[in-house]
Amino acid sequence: MRKLISILFLSAILVSCSEVIPEEKAYELQIPPGFDVPQIPEDNILTDAKIALGKKLFYSTALSVDSTISCASCHRPENAFADHLAISHGVMGRTGFRNAPSLQNVAWYTVITMDGGNPSLETQPYVPIETHEEMGFNMVLLCERLNTDAEMVTSFNDVFGSNPDPYGVTRALAAFERTMISGNSRYDQYAYQGNIHALTAEELQGKDLFFSDALGCANCHSGFLFTNNTFENNGFFSDYSADSGRARITWLHEDVGKFKVPSLRNVGVTAPYMHNGQVETLDEIIDMYAAGGSGHENQSGFITGFSITPAEKEALKAFLLSLTDISFMQNPDLLE
Amino acid sequence: MKRNFGSALLAICTLLTVSSCSKKEGCTDPTATNYDPDAEKNVGCLYEETYAVEMHVHQFLNDIELEEEMPYVINGVNTNLNLAQFYVSGITLVDANGNEFKQDGLYLLVQPETEEYAIGDFPAGDYTSVKFDIGIDSATNHGDPSLYPIGDPLGAQTPSMHWGWSFGYIFMRIDGEVDSDGDGTPDPAGAFEMHLGTDHYLASIEVEMPISIGQGLENIVHLQADYTSFFTGVDMVNDNTTHTTDNVTLANLLLDNIYTMFSPGEE
């Protein structure tokens, strides 16, 4: 009996110790009007200190093998944390085969990476850190390097109670990325913040076209994220042998050429477009959808073509540009 | 209503009395050999004798014990092997009656510099074969390596044994250089990588051999891994690299070869 009591006593102490640290400085995400509350993993509760450490890692070139590039080299704040290059440059001039996506609103994404091969924000950092054509480094060697940086060692111990390790690196990066929230475009001000004057007449016409059944853009680019978080073959290409997309993960023929539907938020600053960055303008995209796609056998049933006048096209583009959120790209909490 | 409640209470009391009187006696520990699932009162359990067993993986290439950074001639081509390692999991000993004794949760990263691997406790007895997988079961394969410490076979490794993009482990990783220009010396232009992974490439192997576990025995499973078989039919100069999905033809050949590379090892 005495043993039982001491065990109970001991576990009471353990519980109280483990709870004090994270609760103390819990960080509450600033959720824009119109947005849901995102799911935060239980093992990665947000705290100010963890987010600050994640930010330090995000902007640190120590993550690349030769200390030349950081996450921000390809996820540039001025491009809504996407890249302005079709294919980003990794270490030593190496190039991969996909366009770097925007990191805006990743807290809400249920699909991480274009082919959905990686399950979560906590697991995603392995991709850029260890991919030969990106940072070309190794998680073990990265942790060894971080352990030689006294400031990093102190920060990791403050946040995780341990020296830099893969768990801390991935959790801190994910925590910072969850704070990359874009929900204050002029469209948001119009739709969710009650400012009926935020959009011009032309942009409003474009909005109606965007949400019309005739164009059907919102079949895929739906909801407050402007993506339905699924994989589609948008009929932009007829040959996907260089990159089979979702099929690379599932090995299913029906998934060839399917990629995650990207959000259209900040689409005005995230050119070039498509998985390979081969499309430079919104005009080309509208023209391709109007023409009904390439007719690839896996092409989405939503891509059926439509007719659009030059004036309507200008209006549609104007609406798409109203999704640009300047305050996001200038948010000091996200900048180095 | 009140009366109903009273009779229900009486019924429960009766039940309690009856059940405590007629508690079935037996062994209540599911891990015991005489475990009785109906037993309510523990009157003693019997346990099997178990012994710590090791697996010794004897790795050879061209009948020479495998060493990294050593020159070999593979399929007529001068080759340096810089890395050769693979995961072994699902280790199971099978007895003559077909009973299987499996070590769940055990994952080995087999490397040339290490021959001896602890594979947990097995009951005393005579076994007729060992089963194992080269690779990692699907559920564990897509787990998060960050949840394991560095140094654990499932934790982050250097060089990496994991792909971030598909989020799974590299089941087998062979890196090296071949003599690509015919001057007799392996060169950087002849660098090759054979990285096998994804759930489709889990290879389930069974090697028949007598294994006796018990008091006073060595309790070692000797396994031979012959890389000569692994490289059979591979064009070491012109078609020597696969990361599985980017060269499925070579990956399939290597997978076929994995099924032939294991045999009973000698002490």
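The values are calculated or read from the model by the stated rules, or taken from the named source; none is laboratory data. Quantities reported herein were computed from a predicted structural model and do not represent experimental measurements. Note: ideal-geometry Cβ built from the backbone for every residue, glycine included; neighbour counts use all protein chains shown.
Quick rundown of the values:
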{"read-out": "So residue B:236, is it buried (at least 18 other Cβ atoms within 10 Å of the Cβ) and either at pLDDT 95 or above or within 25 Å of residue A:124 (Cβ to Cβ) (or both)", "value": "yes"}
{"read-out": "Qualifying residue in segment B:244-256 (condition: farther than 18 Å from residue B:72 by Cβ, of a type in the set (Ser, Thr, Tyr) and in a loop (DSSP other than H, G, I, E, B))", "value": "yes"}
{"read-out": "Scan of segment B:197-229 for residues that are within 15 Å of the chain's Cα centre (by Cα) and more than 16 Å from residue B:116 (Cβ to Cβ), ordered by number", "value": "B:197, B:199, B:201, B:202, B:203, B:204, B:205, B:206, B:207"}
{"read-out": "Near pairs, Cβ below 8 angstrom, 6+ apart or cross-chain, from segment A:61-81 (on the phi > 0 side of the Ramachandran plot and assigned by TED's automatic domain parsing to the domain that holds residue A:145) to any residue that is surrounded by fewer than 16 Cβ atoms within 10 Å (Cβ to Cβ) and not in a loop (DSSP other than H, G, I, E, B)", "value": "A:67/A:61"}
{"read-out": "Selection from segment B:132-181 of residues that are assigned to a strand (DSSP E or B), crowded, with 18+ Cβ neighbours inside 10 Å and charged (D, E, K, R)", "value": "B:133, B:173, B:175, B:177"}
{"read-out": "Some residue of segment B:77-90 being more than 30 Å from residue B:186 (Cβ to Cβ), touching a residue at least 12 places away in the same chain (Cβ under 8 Å) and assigned by TED's automatic domain parsing to the domain that holds residue B:217", "value": "yes"}
{"read-out": "The one condition in (1) at pLDDT below 95; (2) out of contact with any His (no Cβ under 7 Å at 6 or more places or on another chain); (3) within 14 Å of another protein chain (Cβ to nearest Cβ) that residue B:167 fails to fulfil", "value": "(2)"}
{"read-out": "Residue within segment A:122-129 that is more than 9 Å from chain B (Cβ to nearest Cβ), surrounded by 18 or more Cβ atoms within 10 Å (Cβ to Cβ) and either out of contact with any Lys or Arg (no Cβ under 8 Å at 6 or more places or on another chain) or modelled with pLDDT of 95 or more (or both) present", "value": "no"}
{"read-out": "Residue identified as among the aliphatic types (A, V, I, L, M), within 14 Å of another protein chain (Cβ to nearest Cβ) and more than 22 Å from residue B:249 (Cα to Cα) among B:156, B:96, B:118, B:191", "value": "B:156"}
{"read-out": "Matching helices (runs of 4 or more DSSP H) fully within segment A:1-97 where at least 3 residues are modelled with pLDDT of 95 or more", "value": "A:48-58, A:71-74"}
{"read-out": "Pair list, Cβ under 7 Å, 6 or more apart: segment B:200-211 residue within 14 Å of chain A (Cβ to nearest Cβ) and in contact (Cβ under 8 Å) with a residue 40 or more places away in the chain, other residue outside any strand (DSSP E or B) and of a type in the set (Val, Ile, Thr)", "value": "B:201/B:244"}
{"read-out": "Qualifying residue in segment A:264-275 (condition: modelled with pLDDT of 95 or more and closer than 30 Å to residue B:197 by Cβ)", "value": "yes"}
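For (1) under 20 Å from the mean Cα position of the chain (by Cα); (2) over 20 Å from residue A:185 (Cβ atoms), each residue gets a yes or a no:
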{"site": "A:245", "(1), (2)": "yes, yes"}
{"site": "A:259", "(1), (2)": "yes, yes"}
{"site": "A:274", "(1), (2)": "yes, yes"}
{"site": "A:287", "(1), (2)": "no, yes"}
{"site": "A:290", "(1), (2)": "no, yes"}
{"site": "A:310", "(1), (2)": "no, yes"}
{"site": "A:316", "(1), (2)": "no, no"}
